[in-house]
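The values are calculated or read from the model by the stated rules, or taken from the named source; none is laboratory data. Source: prediction; values computed, not measured. Neighbour counts are summed over all protein chains in view; Cβ atoms, including those assigned to glycine, are modelled from backbone coordinates with ideal geometry. The accessibility values were calculated without ligands, DNA or RNA, using every heavy atom of the protein model including side chains. Shrake-Rupley method; radii C 1.70, N 1.55, O 1.52, S 1.80 Å.
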Amino acid sequence: MSTELRGLNLSHRYRSGKLWRPGHPVAALSEVSISVSAGNSVALVGSSGSGKSTLLRTLLALQKPDSGVVELDGTPVRAGSVSSLRWYRRIVQYVPQNPASCLDPRMTVHQLLQEPLHQLAVSGDHRKLIRESLERVELDPALISRRPGELSGGQNQRVAIARALVTSPKILLADEPVSGLDLPLRNTVLALLNRLVTSDGLGLLFVSHDLAAVAQLCTRTIVLSSGRVI
Ligand code: ADP
Ligand code: MG
């Protein structure tokens, strides 16, 4: 059976202002349904503030929706403790927009890739898993003892993708993974993501402003506007 991540009727409001002087709540998501399955790539587009990041955080079980459910192959996924979500995080992983802000500058590439294996209690030969993950993103193994500050922006984005891949997930959620990159790097990262979907059978939810990238990479596009799918 192919792995499928679904969000069903997700709604979320942010309460603004102070407790004693509440402002208007912001409806960031209203009844949004979405699905991504292994081997398929779905684009999520929409202007700034339309709810894309809120949807991603909700799908990642980093925040609870006010209503609606997230399901992986029919099993409900609820935001909760690290240990209760291990099974989910091995299967659904995240690629950040800005790797520099997500990669701990004190850690080496090896340590950065080892961390999710430890946290998610993945069994097996960690050295081998790390080496294979670096090969998948075509990062020179000689860089394994470097820290983020000693790598280029594109190399750090590869480290971030390798880190997402090291637990052998089935689904990747990527929040504007190419928007901080220059053109040649953008193209290399797009080619890499395309290979992960078409050759390795991963599912990809790709948030982007870059409609050319969306057209190149994705077979389905979901447009959000003011928290609704239009
Ligand atoms: P996008 O990623 O498409 O730019 P977001 O999901 O970040 O959209 O934001 C959707 C809406 O929710 C916006 O109006 C934004 O201002 C609001 N919002 C996002 N995060 C918060 C928060 N932590 N507190 C209050 N409002 C928020
Ligand atoms: Mg965003």
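Tabulated results
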{"item": "Charge dipole magnitude, Cβ of K and R +1, D and E -1 - the chain, Cα centre, debye nearest 20", "result": "660"}
{"item": "The chain - accessible surface per residue (Å², probe 1.4 Å)", "result": "49"}
{"item": "Local electrostatic count at Val45 - Lys and Arg +1, Asp and Glu -1, tallied over other residues with Cβ under 13 Å", "result": "-1"}
{"item": "Proximal lysine pairs, the chain, alpha carbons under 28 Å, eight or more residues apart or interchain", "result": "6"}
{"item": "Principal-axis tilt of helix 183-198 within the chain, Cα atoms, nearest 10 degrees", "result": "80"}
{"item": "Whole-percent pair-distance distribution, where bins are 10 Å wide, for the alpha carbons of the chain", "result": "8, 32, 36, 19, 4, 0"}
{"item": "Between region 101-127 and region 129-195, the alpha-carbon center distance in angstrom", "result": "14"}
{"item": "Radius ratio Rg over Rh of region 71-143, counting only Cα atoms, Kirkwood formula for Rh", "result": "1.00"}
{"item": "Within the accessible area of the chain (1.4 Å probe), percent carbon and sulfur", "result": "51"}
{"item": "Length-normalised contact order for the chain - Cα pairs under 8 Å, 6+ apart - percent", "result": "31"}
{"item": "Environment charge at Arg131 (Cβ cut-off 13 Å; Lys +1, Arg +1, Asp -1, Glu -1)", "result": "-2"}
{"item": "Exposure of Arg228 as accessible area (Å², to 10), given a probe of 1.4 Å and all protein chains", "result": "130"}
{"item": "Mean Cα-pair separation over length for region 3-62, i.e. relative contact order, pairs under 8 Å, 6 or more apart, %", "result": "33"}
{"item": "Dipole magnitude of region 34-140 about its Cα centre (Cβ charges: Lys, Arg +1; Asp, Glu -1), debye to nearest 20", "result": "240"}
{"item": "Between 0 and 90°, nearest 10: helix 126-136 axis offset from the chain longest Cα axis", "result": "80"}
{"item": "Loop GluC sites (Glu not before Pro), region 63-151, which have at most 16 other Cβ atoms in a 10 Å radius of their Cβ (DSSP)", "result": "Glu138"}
